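J.: Dropping a structure here in structure tokens format, bear with me for questions.
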Amino acid sequence: MAGTGIHPYHQQWPPAQAPTPPTAPGAPPSIHHAPPHVLFDNSNRGPSTHEEVRTIFITGFPDDVKERELQNLLRWLPGYEASQVNYKGDKAMGFALFSSSQHAIAAKDSLQDMVFDVETKSVLHTEMAKKNLFVKRGIVADSDAYDQSKRLRTGGDYSHAAYTTPSPFHPPPPPVWGPHGYMAPVPPPYDPYGGYPVPQVPMPPAPIPAPSSYVPIQNTKDNPPCNTLFIGNLGQNINEDELRGLFSVQPGFKQMKVLRQERHTVCFIEFEDLNSATTVHHSLQGAVIPSSGSIGMRIQYSKNPFGRRKDGIHHVASHSANGASPPITYQ
DNA sequence: AGCACA
């Protein structure tokens, strides 16, 4: 779901008096906030990557429609993520973001011509929006992205509230996600619009980090086996998260410490026991991950395992280990 | 070849 539209860049729920009335995705562009230096910019992939529209545009509300009314209407719809009402024109316009365009289309169809309010006899009209609603979600991987948005807070600090502090205005506490799973609409008893079919769009499963390839490594002088591995030959711009992703899923992984030095980045990984360390020592020797370029990592046992002190102070009281101590398991 | 932290 990456794309230009997701820069969660401004806060969404100031109803009427927002300093910058949210640009109506379907309306003529007034101010398009070009996301400043955003990390999610996909410009490096070319402009062809145009994000799918998964927002619907809703009109036909009574003039006094509340943001909340719309939310309460929509939260039952599968894939609903967020909505907002724009009061700028003389008619209130609603926008609702769904997790996929399929969900959006399904929601659009089910809301089409719905009687929203019997007293005012308002009937909804829906179409796909021209572009997606901007939403700041808790999912933002990088918190730098929302610093600029703080000024738009109207009441309550939403930026830290995601998923933890339910706020009446807070949109994304995923309505029907969570334990029920992504696709469980679990419509309410009265269920006026719950029955439509929604194409299943499975979430891409989190990929298990795996080396992209292996390169033969000459690992001449290694240290005595221990529960801590030393990883070298990682390349200039090795990505720590990638490294962690790879190692943290290895059985027995305990912790990892990255040491960035002038020329080389190295890292240390502690395992539960010697066995798991040894397994990884062999299985990932020479592994190449994307950020390491095309070079293979060198894996050795660490000179100074976690838990063993460097300069002669042996913490194992009973066992007077000396310099030539056998490879016992440390931990 | 680059080995820190408790």
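J.: Starting from the Cα-Cα distance between A:R263 and A:E51, subtract it from 0.36 nm times their residue separation and give me the gain in nm to one decimal. Don't skip to the end; give the middle numbers.
T.: Numbers: separation 212, 0.36 × 212 = 76.32 nm, distance 3.94 nm.
Extra length available between A:R263 and A:E51 comes to 72.4 nm.
J.: At a threshold of 8 angstrom on Cα-Cα distance, excluding pairs fewer than six apart, so keeping six or more, what relative contact order does the range A:213-301 reach in percent?
T.: 47 percent.
J.: Let me ask another. Extension gain A:D109-A:A210, at 0.36 nm per residue separation less the Cα-Cα distance, in nm? Present the calculation step by step, with values, prior to reporting the outcome.
T.: On the way: separation 101, 0.36 × 101 = 36.36 nm, distance 4.20 nm.
Additional length available on full extension: 32.2 nm.
Computed from the coordinates by the stated procedures, all read-outs in this text should not be read as laboratory data. Keep in mind that what you see is a predicted model, and the values were worked out from it rather than measured.
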